[in-house]
Amino acid sequence: MTADKFGKICGIAALVLLAVGLATGMLVAPRERIMGDVYRIMFVHFPSWVGTAAGYLTAFVASIAYIKTRDFKWDYWGQAGAEVGLLFNVTGLITGALWGRPTWGVYWTWDPRLTTTAIMAITFAGYLVLRAFMEDPESRARAASLVAIVGFVNVPIVYFSVRWWRTLHQVQSSPETVDPQMVWPLRAMMLAFLLLGVFMMTRRVMLARLRGEEEMEMVRLEVARD
Amino acid sequence: MGDARRALALVRKDLLTERRSKAAFNAMAFFAAMVLFIFSFALGPDAPGMAAGSGQTLLQYLWPGLLWVAIFFTGILALSRSFQVEMESGGMEALRLYPGDKKAIYAGKLAANLIILGAMELILIPVSAILYNIDLIDKLPALLGVVALGSLGFAAVGTFYAALTANLRARDVMLPVLLFPVLVPVIVAAVKATTLVVRGDLMGELWTWIRILGLIDLVLLTVCTLTFEFAIEE
């Protein structure tokens, strides 16, 4: 099984990078001049969005592939991508809120990025709820794929509409030069979260395949009984 | 031309069913009236709006947003009804066997939903304007244009998701859960444009927002048209 082996390698690499990234990020990287130690949550916060993007992108591509080919393999990948993406999405939202409170003074603000990521989380949570409500494997895979496709296409539209909506109120943050001692742990963590996401998705696909085959067996048994 | 005629036949069939039973329309009219009253109780009919200023009540100030909340919540009833009727009478099978392109079914269902939605809005807008005491007469043409564009976006995505969730046990829960996140751009643009129409367009932004709303409609309509045939598969 190549996907299994690939996933394992990704998992081990993610573990090593997580250890290195966290150690250097927490201990080696200097304190931020204004935010102090608070900024260190960025080493988890920003990589979370890498995982989110990887998960949802996988779900989107796999959903299109399912509609085209009707191969259940793609449905398993779609489900895995949505679940892993949502996990990282929620991690990103929570760490962002925790960072926002001491830095901006509020947990939440209607910034385009915040709003878009929250809508993304609701969209893919809806995707998972829909799956839970449907029993027939084929119509579930089809309906879920369509929800993932339309939901994913909608993400940039939400972003731009909220951005235009808030233009007059929101001050754009300017890119700052970042200390190399902060950049390297961040890069390590981003790669670690990406690999962690891939590892979790391969595991999730294996689990989904087992469940799917079991479901198919049940259907076959029922047909045989009739 | 065949597909256009098929779509038209579907519209006629849907409107005829609706005219005879009036099930969706009556429910919508009462629900819309109730929503208007609840806003009034929740926000206080006489409360002077703090942000509103210049003698406006809070209800008058918030009217563009309240209008769209009322349209979306009420419209959901029509949408879920439109495919539920087919499910109850075994009409989905007939729809799937309908000859020609499946896009004709989407167009027909969308048009029928839009007409029912529009009829509801033609009651909702004047009644809310009277209840909340808002002067709309000279703003009516622009307002109707904005409402038509916003309703098109709502019905485009709504018809698609109504078809997708039609054979679910929990369709009444799932339809809003799936539909509202996708409608965020529509509601942002529609409320913004409506606000500019009602409160006056000092910065000349209205035309930009109408174009944004039209663009959002176009994208959503395209995506839903292309994927609709998969949504009604058995």
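The values are calculated or read from the model by the stated rules, or taken from the named source; none is laboratory data. Just so we're clear, the structure is a prediction, and the values are computed from it rather than from any experiment. No Cβ is skipped: glycine too gets one built from the backbone with ideal geometry, and neighbour counts run over all protein chains shown.
What is the number of the single condition among (1) surrounded by 18 or more Cβ atoms within 10 Å (Cβ to Cβ); (2) farther than 25 Å from A:W165 by Cβ; (3) modelled with pLDDT of 95 or more that A:N89 does not meet?
Every listed condition holds for A:N89 apart from (2).
Could you check the range B:178-211 and list, in sequence order, the residues that are among the hydrophobic types (A, V, I, L, M, F, W, C), over 30 Å from A:V129 (Cβ atoms) and touching a residue at least 12 places away in the same chain (Cβ under 8 Å)?
Step one: list which residues in the range B:178-211 are among the hydrophobic types (A, V, I, L, M, F, W, C), which gives B:178-180, B:182-184, B:186-191, B:193, B:196-198, B:202-203, B:206-207, B:209-210.
Those still in the list that are over 30 Å from A:V129 (Cβ atoms) too: B:193, B:196-198, B:202-203, B:206-207, B:209-210.
Selection gives B:A193, B:L196, B:V197, B:V198, B:L206, B:W209, B:I210.
Take the conditions surrounded by fewer than 18 Cβ atoms within 10 Å (Cβ to Cβ) and under 21 Å from B:R19 (Cα atoms) and apply them to B:G90. Does it pass?
Against the criterion (surrounded by fewer than 18 Cβ atoms within 10 Å (Cβ to Cβ) and under 21 Å from B:R19 (Cα atoms)), B:G90 qualifies.
Kindly indicate which of B:V177, B:V147 is assigned to a helix (DSSP H, G or I) and either of a type outside the set (A, V, I, L, M) or buried (at least 23 other Cβ atoms within 10 Å of the Cβ) (or both).
Details: B:V177 fails: either of a type outside the set (A, V, I, L, M) or buried (at least 23 other Cβ atoms within 10 Å of the Cβ) (or both).
Going through B:V177, B:V147 in turn, just one is assigned to a helix (DSSP H, G or I) and either of a type outside the set (A, V, I, L, M) or buried (at least 23 other Cβ atoms within 10 Å of the Cβ) (or both): B:V147.
Among B:I212, B:I216, which is in contact with a Phe, Trp or Tyr (Cβ under 8 Å, 6 or more places away or on another chain), at the interface with chain A (Cβ under 9 Å from one of its Cβ atoms), under 17 Å from B:V146 (Cβ atoms) and not aromatic (F, W, Y)?
Among B:I212, B:I216, only B:I212 is in contact with a Phe, Trp or Tyr (Cβ under 8 Å, 6 or more places away or on another chain), at the interface with chain A (Cβ under 9 Å from one of its Cβ atoms), under 17 Å from B:V146 (Cβ atoms) and not aromatic (F, W, Y).
Applying the selection to the range B:165-191, what residues are aliphatic (A, V, I, L, M) and within 7 Å of another protein chain (Cβ to nearest Cβ)?
B:L168, B:A170, B:M174, B:V177, B:L178, B:V182, B:V184, B:V188, B:A189
Test of understanding: among A:G100, A:G78, A:G92, which residue is of a type in the set (G, A, S), closer than 28 Å to B:T222 by Cβ, part of a helix (DSSP H, G or I) and more than 9 Å from chain B (Cβ to nearest Cβ)?
Unique residue meeting the criteria: A:G78.
Please pick out the residue among B:F25, B:F39 that is in contact with a Leu (Cβ under 7 Å, 6 or more places away or on another chain), among the aromatic types (F, W, Y) and in contact (Cβ under 8 Å) with a residue 12 or more places away in the chain.
On the way: B:F25 fails: in contact with a Leu (Cβ under 7 Å, 6 or more places away or on another chain).
Being in contact with a Leu (Cβ under 7 Å, 6 or more places away or on another chain), among the aromatic types (F, W, Y) and in contact (Cβ under 8 Å) with a residue 12 or more places away in the chain holds for just one of B:F25, B:F39, which is B:F39.
Just give me the residues in the range A:155-200 being of a type in the set (D, E, K, R), surrounded by fewer than 16 Cβ atoms within 10 Å (Cβ to Cβ) and modelled with pLDDT under 85, in sequence order.
A:R166, A:E176, A:D179
Considering the range B:96-110 alone, what residues qualify as being under 18 Å from B:L15 (Cβ atoms) and either crowded, with 18+ Cβ neighbours inside 10 Å or touching a strand residue (DSSP E or B) at 6+ places or on another chain (Cβ under 7 Å) (or both)? Lay out the reasoning, then the answer.
Going residue by residue through the range B:96-110, those that are under 18 Å from B:L15 (Cβ atoms) are B:98, B:104-110.
Matches in the range B:96-110: B:A104, B:I105, B:Y106, B:A107, B:G108, B:K109, B:L110.
Any idea which residue in the range A:117-137 is farthest from the chain's Cα centre (by Cα), counting only those that are modelled with pLDDT of 90 or more and not hydrophobic (A, V, I, L, M, F, W, C)?
The selected residue is A:R131.
Would you pick out the residues in the range A:119-143 that are surrounded by 17 or more Cβ atoms within 10 Å (Cβ to Cβ), hydrophobic (A, V, I, L, M, F, W, C), more than 7 Å from chain B (Cβ to nearest Cβ) and within 24 Å of A:G92 (Cα to Cα)?
A:M120, A:A121, A:F124
Could you please let me know if B:T222 is surrounded by fewer than 20 Cβ atoms within 10 Å (Cβ to Cβ) and either under 19 Å from the mean Cα position of the chain (by Cα) or assigned to a helix (DSSP H, G or I) (or both)?
So B:T222 fits the description; yes.
Restricting to the range B:114-146, count the residues that are closer than 27 Å to B:L221 by Cβ and without any contact (Cβ under 8 Å) to a residue 60 or more places away in the chain.
11
Pick out the one residue from B:R169, B:R96 that is outside any helix (DSSP H, G or I), under 21 Å from A:A143 (Cβ atoms) and either at pLDDT 95 or above or of a type in the set (D, E, K, R) (or both).
B:R169
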